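**Q** Would you mind keeping the following structure in view while I ask a few things?
The values are calculated or read from the model by the stated rules, or taken from the named source; none is laboratory data. Since this is a predicted model, take the numbers as computed values, not measurements. Positions of Cβ are generated from backbone atoms using ideal geometry, with glycine treated the same way; all protein chains shown enter the neighbour counts.
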Amino acid sequence: MQKLTLQQKLQQKLSPLQIQVIKLLEVPAMELEQRIKKELEENPVLEEGKDEDLSVKEEDPYEESGVDDDFSLDEYINQDDIPAYKLRSRNYSKDDKKTEIPFSVGKSFHEFLLNQLGEIDLSEEDHQLAEYVIGNIDEDGYIRRDVEAMSDDLAFIMNLDVQDAHLLKILKRIQKFDPPGVAARDLRECLILQIRRKDRSRDVILRAEEIVDEHFDAFTKKHYEKILKKTGWTQEQFKEALDEIQKLNPKPGSSYSNQQVKSVQQIVPDFILDLKDDELVLSLNNRNVPDLKVSQTYADMLETYASSKGKQSREQKDAVLFVKQKLDSAKWFIEAIKQRHNTLMTTMQAIVDMQHEYFADGDETRLKPMHLKDIAAVTGYDISTISRVSNSKYIQTHFGIFPVKYFFSDAMQTDSGEEVSTKEIKTILSEAIEAENKRRPLTDDKLAQLLNDKGYHIARRTVAKYREQLGVPVARLRKEL
């Protein structure tokens, strides 16, 4: 049984302008330029230039631009003069198809290996097997699969019954290719292949080969005393052999680099902070962002047809609706850009004010603990807005370029009750590790004791966490002769 009911609902909906602002807040400086270019291409009502008052017309805009005074929407909607097919966006023939011409960037790493394969004498079947093996080499130059697994794949995919020994023989031939160490199955084999390409008449090369071949486990764990005890070498002889090993490339595939193939990551700062007369001056980096305005021609056109009292045809109404939608879209986009600028500047200025001591000289120990909610409280914005502003944004200072997220950190209390940033503790930790005796590196326990002596009460596991975040290995692996 159907019933009619009356309900009241309270809903919150984002306006098109709010949606635009949210999207643009997340866009960094480089992408903003591309976003504006795209909008200029898609919206004919949007133009580059200073925004002016559309109601004031000191001079005839048509006269300046060379447009006829009689220019009107009728030129677009006269169906008798313009065939319908000319108004369709998909009016392309096969001859008009636009294709991109690829840019020649040279040979890839695998093509380099395949070219060397063509220079050795192999039967047709072995050549096919060698191509399959090369196809299993990753970008670092390693084969991370067992010979048995590759043999099984060949039997299943290519219906080839290949003995493991025969496939291993082909693998050994590929391991003689350049760069040295290619097609190794692990780091140990990779280093051995490179050492055996060197002059083995030198004693230091033979010692380096013995370390990698017979004492690899102790070598990777830096148990140098065990190696010296077993070999009977002097420390000087052992150090010379270590120097030779350190010259080897653990990733031979990365040595074959083509600068044209590599993608270059370019950072364009969103903010520029200058120090002028001991004053910090913050500005937005808008060098490549053009000024935008609404086209006066389309605004007058819409006003003329909207004020006309005569009956309009359906085509005229559709044209007027189209222009109105584009005008609204252009105004929303311009306003969204302005709001983006204001929000970015307000947020970044609050960060600079809160971290003023740090930005004055770049000393990381002067960084104060700061969270998103702290900046949100100062600016009055929501935490999600502060997060969008700080994400993927960079600031250029007189001591370097930093991501905005870098300045946010947790707090920790010292003996005196003062709150300090965890970045300050990491800086002290990093300086202590750099100044340590490399023959006897500081363990996590000793680092924790060192920080405790300076008034920072931190547990050993916290020190280990900070050390890992700094990318510093454990004490055993930092040991040097």
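**Q** Being surrounded by 15 or more Cβ atoms within 10 Å (Cβ to Cβ) and either of a type in the set (Val, Ile, Thr) or part of a loop (DSSP other than H, G, I, E, B) (or both) is the filter here, so list the residues in region 132-165 that pass it.
**A** Val133, Ile134, Asn136, Ile137, Asp140, Gly141, Ile143, Val147, Leu160, Val162
Here is a yes/no grid of residues against (1) among the hydroxyl-bearing types (Ser, Thr, Tyr); (2) touching a strand residue (DSSP E or B) at 6+ places or on another chain (Cβ under 6 Å); (3) at pLDDT 85 or above; (4) within 30 Å of Leu429 (Cβ to Cβ):
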position	(1), (2), (3), (4)
Gln296	no, no, no, no
Glu303	no, no, no, no
Gln316	no, no, no, no
Leu321	no, no, no, no
Trp332	no, no, no, no
Gln339	no, no, yes, no
His356	no, no, yes, yes
Ala360	no, no, yes, yes
Asp363	no, no, no, yes
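**Q** A further question on this structure: Out of (1) in contact (Cβ under 8 Å) with a residue 12 or more places away in the chain; (2) surrounded by fewer than 19 Cβ atoms within 10 Å (Cβ to Cβ); (3) aliphatic (A, V, I, L, M), the odd one out for Ala184 is which?
**A** Going through the list (1) in contact (Cβ under 8 Å) with a residue 12 or more places away in the chain; (2) surrounded by fewer than 19 Cβ atoms within 10 Å (Cβ to Cβ); (3) aliphatic (A, V, I, L, M), Ala184 breaks only (2).
**Q** Then there is this: Within region 250-260, does at least one residue satisfy the condition of being at pLDDT below 90, assigned by TED's automatic domain parsing to the domain that holds Ile192, more than 30 Å from Met354 (Cα to Cα) and charged (D, E, K, R)?
**A** Yes - at least one qualifying residue is present in region 250-260.
**Q** Looking only at region 191-234, count every residue that is polar (S, T, N, Q), surrounded by 15 or more Cβ atoms within 10 Å (Cβ to Cβ) and more than 20 Å from Glu480 (Cα to Cα) and tell me the total.
**A** Result for region 191-234: 1.
**Q** Has region 381-394 got at least one residue that is closer than 24 Å to Glu26 by Cα, basic (Lys, Arg) and without any contact (Cβ under 8 Å) to a residue 24 or more places away in the chain?
**A** no
**Q** Right, here's the next one. Could you check region 348-465 for strands (runs of 3 or more DSSP E) lying wholly inside it with 1 or more residues that are of a type in the set (S, T, N, Q)?
**A** In region 348-465, the matching strands (runs of 3 or more DSSP E) lie at 394-397, 411-413, 419-421.
**Q** Right, here's the next one. For region 22-73, name all the residues that are touching a helix residue (DSSP H, G or I) at 6+ places or on another chain (Cβ under 6 Å), modelled with pLDDT of 75 or more, outside any loop (DSSP other than H, G, I, E, B) and not charged (D, E, K, R).
**A** Once the filter is applied, which keeps residues that are touching a helix residue (DSSP H, G or I) at 6+ places or on another chain (Cβ under 6 Å), modelled with pLDDT of 75 or more, outside any loop (DSSP other than H, G, I, E, B) and not charged (D, E, K, R), region 22-73 yields Leu24, Leu25, Leu46.
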